[in-house]
1. Among 157, 176, which is in contact with a Phe, Trp or Tyr (Cβ under 8 Å, 6 or more places away or on another chain) and touching a residue at least 24 places away in the same chain (Cβ under 8 Å)?
2. Can you tell me which of (1) within 16 Å of ligand 2 (Cβ to nearest atom); (2) assigned to a helix (DSSP H, G or I); (3) touching a residue at least 40 places away in the same chain (Cβ under 8 Å) is the one residue 76 doesn't meet?
3. Test of understanding: among 33, 39, 29, which residue is assigned to a loop (DSSP other than H, G, I, E, B), assigned by TED's automatic domain parsing to the domain that holds residue 219, closer than 28 Å to residue 198 by Cβ and within 16 Å of ligand 2 (Cβ to nearest atom)?
4. Under the condition of being among the polar types (S, T, N, Q) and in contact (Cβ under 8 Å) with a residue 60 or more places away in the chain, which residue from the range 179-212 is nearest to ligand 2 (Cβ to nearest atom)?
5. Pick out the one residue from 190, 185, 228 that is buried (at least 21 other Cβ atoms within 10 Å of the Cβ) and touching a helix residue (DSSP H, G or I) at 6+ places or on another chain (Cβ under 7 Å).
6. Just one of 147, 120, 114 is at pLDDT 95 or above and over 23 Å from residue 80 (Cβ atoms); which is it?
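The values are calculated or read from the model by the stated rules, or taken from the named source; none is laboratory data. Source: prediction; values computed, not measured. Because the Cβ atoms are built from the backbone with ideal geometry, glycine has one as well, and the counts that use them run over all protein chains shown.
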Amino acid sequence: MVLLDVQGVTMDFGGLVALKDVSFSIEEGEIVGLIGANGAGKSTLFNIITGIQKPTSGRVLLNGLDVIGLRPHDIIKLGLARTFQSVRPFLNYTVEENVRVGMLFGRGENTGERLDYLLRLTDLETKRSLLVKTLPIEQRKMVEVARALASSPRLLLLDEPMVGLNAVEIKKFIELIRKVNKERVTVLVVEHVMKAIMNLSRRVIVLHAGLKLAEGTPEEVIANKNVVSVYLGADFVRS
Ligand SMILES: Nc1ncnc2c1ncn2[C@@H]1O[C@H](COP(=O)(O)OP(=O)(O)O)[C@@H](O)[C@H]1O
Ligand SMILES: [Mg+2]
């Protein structure tokens, strides 16, 4: 079943065309990777899917329903959650309060058990009473993930969640995404850590300068000459 269907999305920021007729779809249950150089249009695509920005043209269907024009919190109620590239938890709230906000705006259960479960899942149980501003960036990222999951999404969009994490943290994060995916959450993840993408996704979409450059299995994508020349570079192929 197609969960997300992006059809011919164009985003023109008054002359700077950040997305050009981009189309793709995501099946329920998938983990799909979205890659591309800085400025490719990845975050803009997330903003459009989540209702933060309205595209110049095109449609975005979530479970068959056109979400263009809906407000972000209505889209969350339909089962879509995201994290931001520049993390945005509420800094003057505790970890637990941040996750509670996610539950409040979500579409799932709002119970103490679910709160405890999410804090365990994201390794934040011992930090639950701390103000988020006292935490290092890696843990703030996990707060964002916990808050997004708290809304019980069907589709979770992650915008560069692993930037700045060390190898051990990346490994843990990959396990977390796998676990969440097993619990029926479909995932679209933007990431520059190629190893993580290859490891997680069976399907990868490549954006370049607003165009969909390629789409396929990780093996197909890294064998694609266009992708190598504009994004991965010859060094990647040799390494
Ligand atoms: N609100 C905006 N107004 C004008 N230009 C924007 C805006 N948001 C993004 N852009 C431009 O759109 C392009 C794509 O940006 P972005 O979606 O952030 O790329 P990515 O996430 O792939 O790095 C960039 O050239 C960026 O400068
Ligand atoms: Mg971005």
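1. Answer to the selection: 157.
2. (1) is the only condition that residue 76 fails.
3. On the way: 33 fails: assigned to a loop (DSSP other than H, G, I, E, B); 29 fails: within 16 Å of ligand 2 (Cβ to nearest atom).
Going through 33, 39, 29 in turn, the sole match is 39.
4. Restricting attention to the range 179-212, the residues satisfying the condition of being among the polar types (S, T, N, Q) are 181, 186, 199, 201.
Checking the rest, the ones that are also in contact (Cβ under 8 Å) with a residue 60 or more places away in the chain come to 181, 186, 201.
Details: 181: 22, 186: 20, 201: 17 Å.
Applying the filter and picking the extreme gives 201.
5. Details: 185 fails: touching a helix residue (DSSP H, G or I) at 6+ places or on another chain (Cβ under 7 Å); 228 fails: buried (at least 21 other Cβ atoms within 10 Å of the Cβ).
So the residue among 190, 185, 228 that is buried (at least 21 other Cβ atoms within 10 Å of the Cβ) and touching a helix residue (DSSP H, G or I) at 6+ places or on another chain (Cβ under 7 Å) is 190.
6. Working: 147 fails: over 23 Å from residue 80 (Cβ atoms); 114 fails: over 23 Å from residue 80 (Cβ atoms).
Step by step, each of 147, 120, 114 is checked, and only 120 is at pLDDT 95 or above and over 23 Å from residue 80 (Cβ atoms).
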